[in-house]
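Taking it in order: structure first as structure tokens, then the write-up.
Just so it is clear, none of the values below were taken in a lab; they were calculated from the coordinates. Not measured: the values here are computed from a predicted model. Using ideal geometry, Cβ is built from the backbone for each residue, glycine included, and neighbour counts are taken over all protein chains shown.
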């Protein structure tokens, strides 16, 4: 299935288009992210360095969340948007103390889609869309998904 998601800065909502017979067709005019038990834990190596992140991942496992991890932010966040639930996390760790994913090219665009769909995006303490861009390749940690799950990440990692 080939899809793309669209949101505009001034518009409301997120729209899903699906490729059918060579044309993209509007298939969902109201993509929404609500609460649900699915997690995509990027950078699991960080559990070895961060007891707080370890406890967060342990919580998701203990609560029997469905694991979804492809190895890429875009497919995982797209899955969360299309399923309408879940959380993608990519915390900092020693190799990337400022985070690995780029604010301008990865985190802010997907953060905007998530917020327009009713979710949230944070670096663990600051809303992704409120971060100041200081360099084109600026990196950041990111926690993006349903509002309650992003809030949970902020609480566990505080």
Using alpha carbon centers only, region 85-135 is separated from region 3-70 by a whole-angstrom value of 13
Add -39500 (n - 2.57) for each DSSP H run of 4 or more in the chain, then divide by its residues: what number comes out at 222 nm, to the nearest 500 deg cm²/dmol?
-8000 deg cm²/dmol
Global form of region 32-157, assessed from the alpha-carbon gyration tensor, a/c cut-off 1.5:
oblate
Put in order of increasing Cβ neighbours within 10 Å, starting from the fewest, 19, 157, 133 give 133, 19, 157
Going by how many other beta carbons lie within 10 Å of each one, how would you line up 101, 26, fewest first?
26, 101
Defining a contact as two alpha carbons under 8 Å apart and six or more residues distant in sequence, what relative contact order in percent does region 32-157 show?
32
Please rank 38, 114, 61, fewest neighbouring Cβ atoms within 10 Å first, as an exposure proxy.
61, 38, 114
Restricting to bridges with both residues inside region 32-157, how much of the DSSP beta-bridge set is antiparallel, in percent to the nearest 5?
65
